[in-house]
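Engineer: Okay, handing you the structure first.
The values are calculated or read from the model by the stated rules, or taken from the named source; none is laboratory data. Computed from a prediction, not measured in an experiment: that's the story for all the values here. Every residue, glycine among them, receives a Cβ derived from its backbone with ideal geometry; neighbour counts consider all protein chains shown.
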Amino acid sequence: MFEQLNQFFSPKAIAIIGATEREGAIGNVVVRNFRVSNYQGNVYPVNPRYEEVEGFFCYANVQDIKEKIDMAIIAVPSEHVELSVRDCVKQGIRNVLIFSSGFAEMDEAGVKKQDDLVAYCKQEGVRILGPNTLGMINVHEDLALMFQDVGYTVYKKGEVGLVAQSGATGSQVLSMASEEKVGFSYMVATGNQPDLDTIEVLDYYIQDEQTKVAAFYMEGVPSGKRFLSMAEKALEVNKPVVGIKSGRSTAGQKAALSHTASLTGSNEIFDVAAKKYGVTIVEGFEQLIDTLKIFQSGKRPRGNRVATVVVSGAVGILLADAIELNGLQMADLTQETKEKLRQQVASYCSVENPVDIASTFILNEQVFPHAAQTLVDAKEVDMIIIHLPVPTALDPTKFAKMFINIAKTTDKPIFVVPTGLESEMAGVRHYLTENNVPAYRHIEAAVQSAKSIHQYESTRQKHIDKPTTTSSKLSIMIDSNEHLIEENSVKEIMRNHGVPVPNSILVSNVEEISKLSGIAYPVVAKISSVDIAHKSDVGGVMLNIENKEKLKNAYHSILSNVRSSYPEAKIDGLFVEEMVTERFIEFFVGVQNDELFGPVLTCGLGGIFVEVLNDVSRKLGFVSKEEARQMIESLNGVAILKGTRTNVTYDIDALAEAISNISQIANSLEGDWEDFEINPLVVFEEGKGVLALDGLITLKSTSIPIS
């Protein structure tokens, strides 16, 4: 597969079906791009109306070409595309790039036309880029397979591979980033992507030796499993993946669907999936380019400790605020580092962090490189941010060269922020970035990029050190003609898989209450019915029942309430369990079986923390006990579990183990299930454990095997 894609990205012979002399037409622009490029391969225009197009000999039919063709570009109306593809198949061409629109992005008829075309191509072993695509560029080979005129455009050659569903977006990012001295290996626009899609292109970049960083613009996720597989492979070979995921709002989702026939999916879950494997998600073009600057430099921090050099106390304060607000740490400089700084830094300037050299660099230009080199050498510093507000009269490029030379001596990321008039500072910024010292227009962008590189490297190191874990599959089968697995059965599953549940029993009629034994009062009584997910909403729950007589009364009351609300509900009886009387905190744990990415676990303190404050943590896939503890620690409400203001601490260790076990259950479920919810999971005081007081599995189909 990789070898076939090589012919897409580096074809040696190309046919252009629909080539034309008509100026401005798609079939003309793509041929003209070859005329003005340095492409070294052979180009074969195809159109029976012409003998020559833009100086190239033109063939009447693709089958008239004698040479082996690596790729065919199809630039004809959509109604003629299938016939052109069939001609390519007869000629032995197995790669086609289809510019034509009028397919799935239009209407149902277009969807069928596209599906039929793709089915035929798969049958014949033909790979498709498009339809409805702007095309692609191999920057290193000056190869522009696009209907956009690139004759006078110069893209910077480099090691970033860009893929975008939107061709206009890809082209815009390529132009903007090249201006900022971010270099590229490829840009591919996938269009409707019914065959070659964004994920497969990213996969190619991960294997491609010329590409060190992969970037994307994505509207819909073609396959969650393939996305995760690609991201994990990228992490393992140390190739950062950075991208924009659009369609995050309701309006954006509708626009994406009409744009490239995309289904955008749940962006919240996409973000969780991306974070798991270190994929950096950014908000817009400028942030994408800023992030690519640091990733293309190849520098990686060992931690999150940032030191700064400034010439203004106010800028130092703003930097310190931005660093802390982005989850980074202001490095605590040692006495040794401060003494070394003081060798050049004036006595009236600060050698704390931020290191404030004020305007002393005007008279002593060595103070700038000395401060930077000292921080590079300091073991307590992982990254350095330098504020460079040097006017052109003092030659800021001279200082830029100093920082470039220092950067060559270290693996620590160095970020520079040249500030002043854009007309004066743009050249300095570009010069620094081109020499692997990422430079930014403002301090917030530098700090955001520092955060991105730290998060990536931290995730990569954890992935390297993480032991392999697998979810075992067992053979318990639950048959159901309903839409959910009710509480009694779910609690049995949890009990068998290490999640503590209360002592309980199912009572199918009131007479059984008289014979009830093995249950300590007070008890809770709940309706048992596969038709009722939320029991308390229909009067299906009664608390603090103190004896058998009151339990009998509760039985009649609960059944009356339920039958009044749901007369057709199937009722198995009353679920009776011992009531919790000890002090506890309520916790919520839920697992959503996402259609793209699989089980996504969400946890948080119960009540207002989940429903109003949205104080939750999410992770994708199996969650180890240590990861569960990290999820708990990330909650704003963790202070309550730790006894803040009350001096009562709760059993975080048992909670983490229960969350991990719930994750194990969810990742062992096979079949069409939607949600697995435990609410509440109560947490007792330190050393006393947890109990799952309720549990529910919602199904999509009629049967489900579970572990």
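Engineer: Looking only at the range 504-541, count every residue that is outside any loop (DSSP other than H, G, I, E, B) and of a type in the set (A, V, I, L, M) and tell me the total.
Structural biologist: Of the residues in that region, 10 qualify.
Engineer: Let me ask another. Looking at (1) over 24 Å from residue 172 (Cβ atoms); (2) modelled with pLDDT of 95 or more, which is the only condition residue 107 fails?
Structural biologist: That leaves (2) as the condition not met.
Engineer: Filter the range 170-207 down to the residues that are touching a residue at least 60 places away in the same chain (Cβ under 8 Å) and in a helix (DSSP H, G or I), then identify the one that is nearest to residue 131 (Cα to Cα).
Structural biologist: Checking each candidate, the answer is 200.
Engineer: Still on this model: Identify, please: which residue in the range 558-582 is of a type in the set (Gly, Ala, Ser) and more than 14 Å from residue 528 (Cα to Cα) and is, among those, surrounded by the most Cβ atoms within 10 Å (Cβ to Cβ)?
Structural biologist: The first filter runs over the range 558-582 and keeps only residues of a type in the set (Gly, Ala, Ser), leaving 560, 564-565, 569, 573.
Checking which are more than 14 Å from residue 528 (Cα to Cα) leaves us with 564-565.
Working: 564: 10, 565: 13.
Only one residue tops the list, namely 565.
Engineer: Go through the residues of the range 123-131 one by one and say whether even a single one is assigned to a helix (DSSP H, G or I), more than 28 Å from the chain's Cα centre (by Cα) and surrounded by fewer than 17 Cβ atoms within 10 Å (Cβ to Cβ).
Structural biologist: Yes; the residues of the range 123-131 include at least one that is assigned to a helix (DSSP H, G or I), more than 28 Å from the chain's Cα centre (by Cα) and surrounded by fewer than 17 Cβ atoms within 10 Å (Cβ to Cβ).
Engineer: Mind counting the residues in the range 10-31 that are without any contact (Cβ under 8 Å) to a residue 24 or more places away in the chain and crowded, with 17+ Cβ neighbours inside 10 Å?
Structural biologist: 0
Engineer: Is it the case, given these coordinates, that residue 560 is modelled with pLDDT of 90 or more, polar (S, T, N, Q) and over 48 Å from the mean Cα position of the chain (by Cα)?
Structural biologist: yes
Engineer: Right, here's the next one. What is the residue count in the range 260-290 for residues that are of a type in the set (A, V, I, L, M), surrounded by 21 or more Cβ atoms within 10 Å (Cβ to Cβ), over 19 Å from residue 206 (Cβ atoms) and modelled with pLDDT of 85 or more?
Structural biologist: Residues that pass the stated criteria total 2.
Engineer: Between a first residue in the range 53-77 that is surrounded by fewer than 20 Cβ atoms within 10 Å (Cβ to Cβ) and aromatic (Phe, Trp, Tyr) and a second residue that is at pLDDT 95 or above and not in a loop (DSSP other than H, G, I, E, B), which pairs have beta carbons less than 6 Å apart while being 6 or more apart in sequence or on different chains?
Structural biologist: Cβ pairs passing all conditions: 56/43; 56/45.
Engineer: Identify all residues within the range 132-154 that are at pLDDT 90 or above, in a loop (DSSP other than H, G, I, E, B) and not charged (D, E, K, R); write none if there are none.
Structural biologist: 132, 133, 134, 139, 140, 147
Engineer: Next question. Considering the range 664-694 alone, what residues qualify as being at pLDDT 95 or above and in a helix (DSSP H, G or I)?
Structural biologist: none
Engineer: Let me spell it out: the conditions are (1) part of a helix (DSSP H, G or I); (2) buried (at least 19 other Cβ atoms within 10 Å of the Cβ); (3) touching a strand residue (DSSP E or B) at 6+ places or on another chain (Cβ under 7 Å), and residue 697 meets all of them except one. Which number is the exception?
Structural biologist: Condition (1) is where residue 697 drops out.
Engineer: Still on this model: State all residues of the range 219-259 that are at pLDDT below 70 and surrounded by fewer than 21 Cβ atoms within 10 Å (Cβ to Cβ); if no residue qualifies, say none.
Structural biologist: 248, 249, 250, 251, 252, 253, 254, 255, 257, 258, 259
Engineer: Would you mention how many residues in the range 312-354 are modelled with pLDDT under 95 and buried (at least 18 other Cβ atoms within 10 Å of the Cβ)?
Structural biologist: Number of matching residues: 0.
Engineer: Among the residues of the range 285-303, are any assigned to a loop (DSSP other than H, G, I, E, B), under 19 Å from residue 376 (Cβ atoms), in contact with a His (Cβ under 7 Å, 6 or more places away or on another chain) and not hydroxyl-bearing (Ser, Thr, Tyr)?
Structural biologist: Yes, because at least one residue in the range 285-303 is assigned to a loop (DSSP other than H, G, I, E, B), under 19 Å from residue 376 (Cβ atoms), in contact with a His (Cβ under 7 Å, 6 or more places away or on another chain) and not hydroxyl-bearing (Ser, Thr, Tyr).
Engineer: Considering each residue of the range 31-46, count those that are at pLDDT 95 or above and part of a helix (DSSP H, G or I), and give that number.
Structural biologist: Within the range 31-46, the subset at pLDDT 95 or above is 31, 42-46.
If we keep only those that are part of a helix (DSSP H, G or I) too, we end up with 31.
Looking only at that region, the number is 1.
Engineer: While we're on this one: Going by the conditions given, is residue 49 more than 36 Å from the chain's Cα centre (by Cα), in a loop (DSSP other than H, G, I, E, B), without any contact (Cβ under 8 Å) to a residue 24 or more places away in the chain and assigned by TED's automatic domain parsing to the domain that holds residue 123? Step through it out loud before you land on a result.
Structural biologist: On the way: more than 36 Å from the chain's Cα centre (by Cα): yes; in a loop (DSSP other than H, G, I, E, B): yes; without any contact (Cβ under 8 Å) to a residue 24 or more places away in the chain: no; assigned by TED's automatic domain parsing to the domain that holds residue 123: yes.
No; evaluated as a whole, the condition is false for this residue.
Engineer: Just to be sure I understand, how many residues within the range 608-649 are in contact (Cβ under 8 Å) with a residue 40 or more places away in the chain, under 24 Å from residue 462 (Cβ atoms) and either in a loop (DSSP other than H, G, I, E, B) or in contact with a His (Cβ under 9 Å, 6 or more places away or on another chain) (or both)?
Structural biologist: 4
Engineer: Report yes if residue 591 is modelled with pLDDT of 90 or more, in contact with a Phe, Trp or Tyr (Cβ under 6 Å, 6 or more places away or on another chain) and either under 20 Å from residue 494 (Cα atoms) or not in a strand (DSSP E or B) (or both), otherwise no.
Structural biologist: yes
Engineer: Looking only at helices (runs of 4 or more DSSP H) that lie completely in the range 342-447, which have at least 3 residues being touching a residue at least 60 places away in the same chain (Cβ under 8 Å) and of a type in the set (A, V, I, L, M)? Talk me through it step by step, then tell me what you get.
Structural biologist: Numbers: elements: 367-377, 396-407, 422-434.
Of the helices (runs of 4 or more DSSP H) lying wholly inside the range 342-447, those with at least 3 residues that are touching a residue at least 60 places away in the same chain (Cβ under 8 Å) and of a type in the set (A, V, I, L, M) span 367-377.
Engineer: Residue 216 - would you say it is farther than 15 Å from residue 9 by Cβ, crowded, with 24+ Cβ neighbours inside 10 Å and not assigned by TED's automatic domain parsing to the domain that holds residue 9?
Structural biologist: It is true that residue 216 is farther than 15 Å from residue 9 by Cβ, crowded, with 24+ Cβ neighbours inside 10 Å and not assigned by TED's automatic domain parsing to the domain that holds residue 9.
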